[in-house]
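Asks: Have a look at this one before I ask anything.
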Amino acid sequence: MQAKLAGARSVGQRRRDVRARDFGGRFPARAAAAIPPKERTLPTTESLFSRSTRQADLDAVAAEPVDLLVVGGGITGAGIARDAAMRGIRTCLVEAVDFGHGTSSRSSRLIHGGLRYLEHGWLRLVFEASRERRILLRIAPHLVRPLPFVFPVHAGTRVGRLRLAAGLWLYDLLSLFRNVHAHRMLSRRAVQRLEPRLRDRDLVGGAIYYDGWCDDARLVLATVRSAHRHGALTASYARVVALEKAGGRVRGAVIHDAIDDREITAHAHVIVNATGPWTDALRQMDDATAAPLLRPTKGVHVLVPRQRVGNTGALTLTSPVDGRVMFVLPWGDATMIGTTDTDYSGAVDDVAPTDQDVTYLLRSTNAFFPDARLGAGDVLSAWAGLRPLLTDGGAASTAEVPREHRIVESPSGLLTIAGGKLTTYRSMAAEMVDTVAAKLHALDGRSMPDAPTDREPLPGGEVADLEQLVRELDMERVPEPVARHLVDTYGSESAAVANLAAREPALAKPLLDGWPVLQAEVVHQARREMVLTVADVLIRRTRLFHRDASQGTGAAPVVAGLLARELGWDAGREAESLADYLEAVKRMRQALTPS
Ligand SMILES: Cc1cc2nc3c(=O)[nH]c(=O)nc-3n(C[C@H](O)[C@H](O)[C@H](O)COP(=O)(O)OP(=O)(O)OC[C@H]3O[C@@H](n4cnc5c(N)ncnc54)[C@H](O)[C@@H]3O)c2cc1C
């Protein structure tokens, strides 16, 4: 790690050689000359993770059996692949679309103990999640940040002051009093000072407590990249379309490679189903009569301009519509509001927000921020995800469905992991890999030590002081908003993006006016983050799809052009990827149009 830090620092040491750079658009040029290319070096923390590594990995798994095939590149599968690869298990991870395409890029993004779980007595889960929160804040400091939450109490609400005080004390206790800070109870005046636009009628006080907020899609990506660094074969756009058996035991999978339109067969000693909401579909690929393990529930979020709501920070609220706990979360200049929790029985691929979902979230928020008067016209974007929750033996409401996970072995030997949450993915993965390791031990007697997944930083997380990185970029004349954005997004790898922009001034231009996102990022993402489509860039790597009022459509042709250059697309492929993205935008907007 020292070497990696030293590598990142070397960019700072070269600042005297830096003359000037044009960041274009709204970021004023400070001088005309670009940085001389030879003066700078990329940090050593980087490794290729691209279309070519993907192709080589698929060829490798087709040529030679692996110990473990993990199906599903959400946070669960990513965590399993990382843990297994770190233990020296020959591992392959395949994802049907892009890494994090499923639920793992549509969560509330909280790395949390789960305050509301206390109401259900799920103390073990809160204890485990609180420990995982501590670990993730440490191993991915650029992606998981501490976030203070104000929990206001109004007279007559379901959670009164005494109940809240007792709950938060228990919450701190279950984190062994090692959360970012202990909670504090607040007077009515203190809540008003913190959140001046919050409804003050019936306000009696509240509390402030701490959780983590993360970039969920990037957490998945960083975890997959870590797995890859440890030797896992990894491929996105590689869907398992059939399972192969020998003597009734599952031994392989047929994989459709959507990028090169080919099919390959991968053989493995152990196959793990980590497909989240698609869990039962894969189980039924193995055994058409397999009983469903999941009771999926749909969760919707909406994004609105922050100035329309007027929240200064994050709030935990109990919806006056149905008493459910919900969150109002600051995301740059916007406010993310979520979430709903309703049973879902439709097609997993078609999950989308409805008018009722959006209305519920806006009405609940308006009740707490009466000046906001939010309406459908304020919504910048809305999206839905499915919680892959376990069938519950008859829980009455969706909120009561347990958030625990379960590992199940089918008669064919297929291992399935179902349930769980983003926060606890690392410990879930360790448990699954223990099961895999036991099977491999039974097979050939090998033993493997536990993986140090709680100690080794995720890629980009090899940094002790994020502010120092911002200062270093700043000293190299990267405008402050850009520097902050790069560090928040890429952590210790931010200098690599700045280097690209310095080498090729055209790449120093913003991807979209008004946003600190550089064109250089698209190139970086194609080389180091396995971006293969326009949607990968705009939906999951930059989130302009969600954050920009026009869903980043202004940037889409630029992204397509840069990817064409990087990935060697012909004009047809470029147009196709652009059209697919515009179609996704259209679908989202249709879902927002009142019926
Ligand atoms: C609205 C909402 C809010 C949430 N908020 C939080 C929160 O704040 N904090 C928290 O800790 N948890 C939260 N969760 C829960 C958490 O997001 C999920 O538990 C977690 O993301 C599930 O990850 P996964 O990898 O199991 O599933 P997914 O992320 O869905 O990944 C499964 C992957 O499998 C792939 N796949 C499917 N079939 C195949 C196939 N045949 N071949 C190859 N790949 C395949 C899919 O494309 C998909 O990418 C939330 C969930 C929802 C819905």
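The values are calculated or read from the model by the stated rules, or taken from the named source; none is laboratory data. Keep in mind that what you see is a predicted model, and the values were worked out from it rather than measured. As a convention, Cβ positions derive from the backbone with ideal geometry for all residues, glycine included, and neighbour counts pool all protein chains shown. The protein model used for the area step is the full one, side chains on, heavy atoms only, and it has no ligands, DNA or RNA in it. Shrake-Rupley method; radii C 1.70, N 1.55, O 1.52, S 1.80 Å.
Asks: Output the number of the condition that Arg249 fails; it satisfies all remaining conditions of (1) in contact with a strand residue (DSSP E or B) (Cβ under 6 Å, 6 or more places away or on another chain); (2) open to solvent by 60 Å² or more (accessible area, probe 1.4 Å).
Replies: If we test Arg249 against (1) in contact with a strand residue (DSSP E or B) (Cβ under 6 Å, 6 or more places away or on another chain); (2) open to solvent by 60 Å² or more (accessible area, probe 1.4 Å), just (1) comes out false.
Asks: Could we say that Ala399 is open to solvent by 10 Å² or more (accessible area, probe 1.4 Å) and modelled with pLDDT of 95 or more here?
Replies: no
Asks: Being more than 17 Å from Ala258 (Cβ to Cβ) and among the hydrophobic types (A, V, I, L, M, F, W, C) is the filter here; which residues of region 564-574 pass it?
Replies: Matches in region 564-574: Ala564, Ala571.
Asks: Does Ala166 satisfy the condition of being more than 18 Å from the chain's Cα centre (by Cα), farther than 16 Å from Thr316 by Cβ and more than 14 Å from the ligand (Cβ to nearest atom)?
Replies: Details: more than 18 Å from the chain's Cα centre (by Cα): yes; farther than 16 Å from Thr316 by Cβ: no; more than 14 Å from the ligand (Cβ to nearest atom): yes.
Considered against the rule, which asks whether it is more than 18 Å from the chain's Cα centre (by Cα), farther than 16 Å from Thr316 by Cβ and more than 14 Å from the ligand (Cβ to nearest atom), Ala166 comes out as no.
Asks: Related question: Just one of (1) in contact with an Asp or Glu (Cβ under 9 Å, 6 or more places away or on another chain); (2) open to solvent by 10 Å² or more (accessible area, probe 1.4 Å); (3) among the small types (Gly, Ala, Ser); (4) away from the ligand (no atom under 16 Å from the Cβ) trips up Ala498, so point out which.
Replies: Ala498 satisfies all of (1) in contact with an Asp or Glu (Cβ under 9 Å, 6 or more places away or on another chain); (2) open to solvent by 10 Å² or more (accessible area, probe 1.4 Å); (3) among the small types (Gly, Ala, Ser); (4) away from the ligand (no atom under 16 Å from the Cβ) except (2).
Asks: Looking at region 419-494, what helices (runs of 4 or more DSSP H) fall wholly within it and have at least 1 residues that are more than 16 Å from the ligand (Cβ to nearest atom) and under 23 Å from the mean Cα position of the chain (by Cα)?
Replies: 466-475, 480-490
Asks: Go through Arg134, Arg109 for me and flag whichever is of a type in the set (Lys, Arg) and more than 12 Å from the ligand (Cβ to nearest atom).
Replies: The match here is Arg134.
Asks: Let me ask something else about it. Testing Arg145 on (1) crowded, with 19+ Cβ neighbours inside 10 Å; (2) more than 11 Å from the ligand (Cβ to nearest atom); (3) under 16 Å from the mean Cα position of the chain (by Cα); (4) not acidic (Asp, Glu), one condition comes back false. Which one is that?
Replies: The number of the failed condition is (1).
Asks: Let me ask something additional. From the list Ala258, Ala268, Ala238, Ala242, which one is within 11 Å of the ligand (Cβ to nearest atom) and crowded, with 17+ Cβ neighbours inside 10 Å?
Replies: Criteria check complete, one pass: Ala238.
Asks: Looking at region 88-106, I want the residues that are more than 11 Å from Val240 (Cβ to Cβ) and part of a helix (DSSP H, G or I) and have a partner that is open to solvent by 10 Å² or more (accessible area, probe 1.4 Å) and of a type in the set (Gly, Ala, Ser) with Cβ atoms under 8 Å, at least 6 apart or on another chain. Which pairs are those?
Replies: Thr103/Gly74; Thr103/Gly276; Ser104/Gly74; Ser104/Gly276
Asks: Yes or no: region 579-593 includes at least one residue that is among the small types (Gly, Ala, Ser), within 18 Å of Ala384 (Cα to Cα) and in contact (Cβ under 8 Å) with a residue 40 or more places away in the chain.
Replies: Within region 579-593, one or more residues are among the small types (Gly, Ala, Ser), within 18 Å of Ala384 (Cα to Cα) and in contact (Cβ under 8 Å) with a residue 40 or more places away in the chain.
Asks: Still on this structure, I have one more. Output yes when any residue across region 52-70 is in contact with a helix residue (DSSP H, G or I) (Cβ under 7 Å, 6 or more places away or on another chain), open to solvent by less than 10 Å² (accessible area, probe 1.4 Å), within 14 Å of the ligand (Cβ to nearest atom) and not polar (S, T, N, Q), and no when none is.
Replies: Scanning region 52-70 turns up at least one residue that is in contact with a helix residue (DSSP H, G or I) (Cβ under 7 Å, 6 or more places away or on another chain), open to solvent by less than 10 Å² (accessible area, probe 1.4 Å), within 14 Å of the ligand (Cβ to nearest atom) and not polar (S, T, N, Q).
Asks: Follow-up question, since we're still on this one. Mind checking which residues of region 77-129 are of a type in the set (D, E, K, R) and closer than 30 Å to Val66 by Cα?
Replies: Correct list: Arg82, Asp83, Arg87, Arg90, Glu95, Asp98.
Asks: Filter region 553-568 for residues that are in contact (Cβ under 8 Å) with a residue 24 or more places away in the chain and aliphatic (A, V, I, L, M); which is surrounded by the most Cβ atoms within 10 Å (Cβ to Cβ)?
Replies: Val559
Asks: Return the only residue of Glu39, Glu64 being modelled with pLDDT under 95 and acidic (Asp, Glu).
Replies: Just a single option satisfies the conditions, and that option is Glu39.
Asks: From Ala207, Ala217, Ala166, grab the single residue that is over 30 Å from Gln525 (Cβ atoms) and buried (at least 16 other Cβ atoms within 10 Å of the Cβ). Walk me through how you get there before you give the answer.
Replies: Details: Ala217 fails: over 30 Å from Gln525 (Cβ atoms); Ala166 fails: buried (at least 16 other Cβ atoms within 10 Å of the Cβ).
Residue meeting the stated conditions: Ala207.
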